[in-house]
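In what follows, a structure is listed as structure tokens, so that the remarks can point back to it.
The values are calculated or read from the model by the stated rules, or taken from the named source; none is laboratory data. Keep in mind that this is a model prediction, so the values were computed, not measured. Because the Cβ atoms are built from the backbone with ideal geometry, glycine has one as well, and the counts that use them run over all protein chains shown.
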């Protein structure tokens, strides 16, 4: 399928997942779900373009630390757009975030604010053979509240939803893969969409190296460490299939409902 890249001055990794084939021979609708890197450098013209695409909701997967460090973005407070911030990292601390999910029997320390960054080498909660897949599975284990809320926002949005993190590849890739799976997308097409971020990786990293938030954690990493290899998402989805019987059964374990699935499918398949 043709990738629906959207080229804006202030983004390097923006695309519409519309057109992705589904298992029943249909396709994901265009103009419903967008994915990108962080929005801090959007220009006024970029914002007008996004509004023209029908954007009403933004799901920001950056941590509390990232959001605080980067400061208010150009969409903050915009009257036409609602921003939903849902960190996928363990970073609860007094006075920040929502109620902490039950962690009885879990004696691991919570992440310190300055550790709540991508690319910082912290041990994942879930350990499987593929190291990057371990982190993706850990998002569900560590922040089921954020995973469910993010997916529900996509289903409930009045217009298009844009999901982003810092680079728009790992956290964004996981949430988008889950949403597409619930909507019935073909699994290989989900993998291919995830892998497409590698096409823009040099530009993505160049943007992030220009920020004080991310530069130190990126500077000494080779470009190869940032690429979105198809086998990573393939291993993630295969593990979910083998261990839980698929994405929906896994989500059901953490509070997802049949109504949630129906709403998300209707949104992405209308």
Only one of (1) modelled with pLDDT under 95; (2) in a helix (DSSP H, G or I); (3) in contact with a strand residue (DSSP E or B) (Cβ under 9 Å, 6 or more places away or on another chain) does not apply to residue 173, and that is (1)
Does residue 168 satisfy the condition of being at positive phi and under 15 Å from the mean Cα position of the chain (by Cα)?
yes
Taking the range 125-170 and keeping only residues that are touching a strand residue (DSSP E or B) at 6+ places or on another chain (Cβ under 7 Å) and over 16 Å from residue 86 (Cα atoms), one is left with 158, 159, 160
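Give the range 38-52 a look and list any residue that's touching a residue at least 40 places away in the same chain (Cβ under 8 Å) and closer than 20 Å to residue 205 by Cβ, or say none.
38, 39, 40, 41 - these are the residues of the range 38-52 that are touching a residue at least 40 places away in the same chain (Cβ under 8 Å) and closer than 20 Å to residue 205 by Cβ.
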Counted residues in the range 228-270 being surrounded by fewer than 16 Cβ atoms within 10 Å (Cβ to Cβ) and over 20 Å from residue 193 (Cα atoms) come to 14
Kindly list, by first and then second residue, each pair from a residue in the range 233-248 that is over 14 Å from residue 140 (Cβ atoms) to a residue that is exposed (fewer than 15 other Cβ atoms within 10 Å of the Cβ) and at pLDDT 95 or above, limited to pairs with Cβ atoms under 9 Å and residues at least 6 apart or on different chains.
234/188
